[in-house]
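Colleague: Just dropping this structure here.
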Amino acid sequence: MRIENFSLPEANILAKDYKHSFENVQDMFNYDYHNQEVYQKRLEELYTRKFQRDALANYLFTYNRKFNCSHRTVEYIEKIKNKESVVVVGGQQAGILTGPLYTIHKCISILKFAKEKESILGIPVIPIFWIAGEDHDYDEINHVYIKKNDSAEKLILQAEDPVKTSASLMKWDKEQAVKWSDGVFQQFGETEFTKDIVKKVHHIFDASDTIVDSFAHLLTYLFGDYGLVLLDSGDPNFKQLQSEYLVNLIEKNEEVDRRFVEGLKTLQNKNYPRPIEYQENNAHLFLYINRERVLLFRDGTGGFRSKEGDVRYTKDQLMEMAKEKPHLFSNNVVTRPLMQEWVLPTLSFIAGSGEIAYWSALKPIFNEFSLKMPPLIPRLSLTIVSKQTQKQLDDTGLEAKHVIKSGTEVEKKAWYEAHKPYEIEPLITDSKQQMAKIHKELSGLAEKIDKSLVQLSTINLNRILHEVDYLHHKMEKKMKKRFKEPLEKFDAVALELLPFHKLQERTWNVFYYMNDYGFDLIHDLMNASLPFDDQHKIVYI
């Protein structure tokens with residue numbers, strides 16, 4: 001395995017400044033993650049606060065043991081009881097078969113950064129993956145991409161549960177899930193590793209009641225030996241730890257929303273795009289009603305209601321529910337980071353560019369509760385280059401970093417222009433000019449005969465030129481067919497490294513690569529040198 005680092009332009013403007021021009025955004029964050037001294041300051045802040053360490057550890061023991069967690073994970077959970085211990089946390093929705101590659105990259109980032117800080121600070125630093133199981137957007141997690149007809153195509157597992165509930169509560173059809181996975185690996189193709197991988201996936205899917213369970217099983221299997229600790233935000237048992245904090249969010253709901261608007265205005269004043277849409281009177285809390293996850297709004301009279309107004313509660317009623325039935329509540333994108341801060345002694349949060357952008361609006365909310373936002377650490381960003389792709393790069397004369405930045409269309413066109421046997425374009429252009437010239441005389445005669453024929457004459461010319469263009473297209477197509485194999489290599493490289501003109505990690509699934517390289521791929525990535533230097537990593541395997 002060889003690693004190549006290079007600077008990749010950041011598309012997200014705010015994340016770009018956060019990484020490379022922190023002075024532009026420093027008033028929107030509490031810590032500059034570039035400065036290594038901030039982690040000691042963060043420790044000092046955390047040590048002034050109290051956390052439900054025993055209750056948190058008990059929950060984590062119970063949850064992680066469901067998935068046959070490793071002894072190392074158990075050791076990490078036990079360390080949470082130590083008042084000096086802290087956590088490095090990152091999270092993601094529970095994608096099927098672990099979802100896009102960036103989920104795997106987050107796991108690696110959490111583990112590596114926690115290990116690094118534990119060595120430097122000399123205290124226990126626990127790596128925690130926060131599964132966003134309370135999210136209800138099933139369409140975001142129900143598919144993987146496969147290669148089909150020289151393109152990327154979704155293979156979707158249809159939902160069995162029609163209720164718009166959280167992923168953690170959405171039961172699935174195990175038999176259907178197993179059949180779906182067989183279809184996925186059939187598209188990946190048979191290798192020496194396929195049989196063992198499919199067997200493991202079958203076992204995990206059959207042992208899982210929900211897509212979140214399968215996600216937790218897979219992450220435990222892939223990263224358990226490194227001590228990754230899992231937490232499901234949609235687990236009713238985890239919500240028992242949130243009761244007093246939910247009361248805070250209900251009691252100070254107007255202030256939370258006002259502070260959120262304050263954060264958005266700061267972004268606007270700095271000409272950054274709004275990372276989260278604002279809805280007036282949004283309570284930033286969901287409530288489960290008949291299993292459906294319903295967003296709450298303030299009703300203007302001190303109470304709360306659903307968007308349609310068919311459900312209403314007074315503030316006192318909602319606060320009582322938060323005390324007695326916290327499992328009925330769910331956080332949104334604004335309150336989730338705050339809940340994380342209350343529940344976990346967070347040394348740092350591993351974030352993608354989108355997360356950095358929306359956290360930038362949340363500092364005033366943290367301040368409202370006398371809290372500081374943790375240092376946000378940009379997660380590792382990787383592109384995997386297989387041996388087959390490397391050969392295609394060699395054949396086309398392209399470099400991986402160029403393809404990741406710019407794609408292959410320019411080089412593909414240049415190669416074709418240099419190798420095609422006939423120059424069609426000049427003849428086509430000349431032919432069209434001559435036809436237009438001849439037709440001009442014909443059009444003049446038509447006009448003399450009857451002025452009503454002028455429009456028909458124009459239509460006639462356009463038809464003639466269109467037919468010439470059609471012939472041109474067919475001629476080019478026939479010539480390109482002669483070079484089908486070399487031209488397809490350009491397309492194959494682009495599909496592999498820049499599908500949909502986006503980074504590979506946003507489309508392809510880790511099992512696509514493990515099918516060719518086995519489960520050892522995770523071990524190799526964990527042992528690779530992957531510094532947190534804001535550089536994109538190209539991994540040649």
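Colleague: Treating each Cα of segment 11-163 as an identical point scatterer and ignoring solvent, apply the Debye formula and state log10 I(q)/I(0) at q = 0.12, 0.14 Å⁻¹.
Modeller: For segment 11-163 at q = 0.12, 0.14 Å⁻¹, log10 I(q)/I(0) is -0.74, -0.95.
Colleague: Separate question: Once phi is turned into θ = phi - 60°, what whole-Hz ³J(HN,Hα) does the Karplus curve with 6.51, -1.76 and 1.60 give for every residue of segment 98-111, x standing for Gly and Pro?
Modeller: Karplus-based 3J(HN,Hα) across segment 98-111 equals 6, x, x, 4, 5, 5, 5, 5, 5, 4, 4, 4, 4, 5 Hz.
Colleague: Using only the alpha-carbon atoms, what does the chain span along each of its principal axes? Please give whole angstrom values in decreasing order.
Modeller: Taking the Cα atoms of the chain, the three principal extents are 92, 60, 51 Å.
Colleague: Here is a further query. Which of the trypsin sites (Lys or Arg not before Pro) found in segment 278-342 are in a DSSP loop and have at most 15 neighbouring Cβ atoms, other than their own, within 10 Å? Intermediate results must be reported in sequence, preceding the final value.
Modeller: On the way: sites: Arg291, Arg293, Arg298, Arg305, Lys307, Arg312, Lys315, Lys323; in loops: Arg291, Lys307.
Of the trypsin sites (Lys or Arg not before Pro), the ones in loops of segment 278-342 whose Cβ has at most 15 other Cβ atoms within 10 Å are Arg291, Lys307.
Colleague: Looking at segment 156-250, which trypsin sites (Lys or Arg not before Pro) are in a loop (DSSP not H, G, I, E or B) and have at most 14 other Cβ atoms within 10 Å? Let's see the in-between values first.
Modeller: Values: sites: Lys164, Lys171, Lys174, Lys179, Lys195, Lys199, Lys200, Lys239; in loops: Lys164.
Those that pass, being in a loop and sparsely packed, are Lys164.
Colleague: Working only with C-alpha atoms, what are the Rg and Dmax values of segment 296-447, expressed in angstrom?
Modeller: 31.9, 91
Colleague: Over the Cα atoms, compute the radius of gyration (one decimal) and Dmax (the largest Cα-Cα distance, rounded to a whole number) for segment 395-508, in Å.
Modeller: 21.5, 66
Colleague: Give the range of the longest stretch in the chain that excludes all GluC sites (Glu not before Pro) found in loop regions by DSSP and having at most 16 other beta-carbon atoms within 10 Å. Each step should come with its number before you reach the end.
Modeller: Working: sites that count: Glu37, Glu84, Glu160, Glu190, Glu192, Glu277, Glu280, Glu308, Glu399, Glu423.
That would be 424-541.
Colleague: Now, a different point. Using the Karplus curve 6.51 cos²θ - 1.76 cosθ + 1.60 with θ = phi - 60°, work out ³J(HN,Hα) for each residue of segment 510-519 in order, rounded to whole Hz, and write x for Gly and Pro.
Modeller: These are the phi-based 3J(HN,Hα) values: 4, 5, 4, 8, 5, 4, 9, 10, x, 5 Hz.
Colleague: While we're looking at this one, here's another question. Mind checking which of Thr62, Gly99, Val88 is farthest towards the positive end of segment 11-109's charge dipole, using Cβ charges of +1 (Lys, Arg) and -1 (Asp, Glu) about the Cα centre?
Modeller: Thr62
Colleague: By how many degrees, 0 to 90 and rounded to 10, does the Cα axis of helix 387-396 deviate from the longest principal axis of the chain?
Modeller: For helix 387-396, the angle is close to 30 degrees.
Colleague: Would you kindly find the accessible area of Met526, with a 1.4 Å probe and non-protein molecules such as ligands, DNA and RNA excluded, rounding to the nearest 10 Å²?
Modeller: The accessible area comes out at roughly 20 Å².
Colleague: While we're on this one: Just the number, please: carbon plus sulfur as a percent of the accessible area of the chain, 1.4 Å probe, no ligands or DNA/RNA counted.
Modeller: On the way: 12360 of 25860 Å².
Within the chain, the accessible surface is 48 percent carbon and sulfur.
Colleague: So who's got an amide H within less than 5 Å of the one on Gly133, skipping anything under 5 residues away but keeping other chains? H placed 1.01 Å off N, in plane.
Modeller: Long-range HN contacts for Gly133: Ser233, Gly234.
Colleague: What do you get for Rg/Rh over segment 253-341 if you use C-alpha atoms and the Kirkwood form of Rh?
Modeller: Numbers: Rg = 14.0 Å, Rh = 14.0 Å.
With Rh from the inverse mean 1/r over Cα pairs, Rg/Rh is 1.00.
Colleague: Based on DSSP H runs of at least 4 residues, each adding -39500 (n - 2.57), what is the mean residue ellipticity at 222 nm of the chain after dividing by all its residues, to the nearest 500 deg cm²/dmol? Kindly include the intermediate steps, with their values, before the conclusion.
Modeller: Values: 23 runs with 275 residues, N = 541.
The helix contribution divided over the chain gives -16000 deg cm²/dmol.
Colleague: If you don't mind, another one. Given charges of +1 on the Cβ of Lys and Arg and -1 on the Cβ of Asp and Glu, with all other atoms neutral, how large is the dipole of segment 433-495 about its Cα centre, in debye to the nearest 20? It would help to have the intermediate numbers written out before the result.
Modeller: Details: 13 positive and 9 negative charges, 48 e Å.
It works out to roughly 240 debye.
Colleague: Rank Ala492, Phe519, Pro531 by how far each Cα sits towards the positive end of the charge dipole of segment 472-541 (+1 on Lys, Arg Cβ; -1 on Asp, Glu Cβ) and give me just the farthest.
Modeller: Toward the positive end, the furthest listed residue is Ala492.
Colleague: Using the Cα centre of segment 333-423 as origin and beta-carbon charges of +1 (Lys, Arg) and -1 (Asp, Glu), tell me which of Ala418, Gly397, Leu347 is placed farthest towards the positive end of the dipole.
Modeller: Leu347
Colleague: So, one more: Could you run the Karplus curve 6.51 cos²θ - 1.76 cosθ + 1.60 with θ = phi - 60° over segment 242-248 and give me ³J(HN,Hα) per residue in whole Hz, x for Gly and Pro?
Modeller: Karplus-based 3J(HN,Hα) across segment 242-248 equals 9, 3, 5, 6, 5, 4, 4 Hz.
The values are calculated or read from the model by the stated rules, or taken from the named source; none is laboratory data. Being a predicted model, the structure only gives us computed values, none of them experimental. When we count neighbours, we look across all protein chains shown, and the Cβ atoms used for this are built from the backbone with ideal geometry, even at glycine. Surface areas here come from the heavy atoms of the whole protein model, side chains and all, with no ligands, DNA or RNA. Shrake-Rupley method; radii C 1.70, N 1.55, O 1.52, S 1.80 Å.
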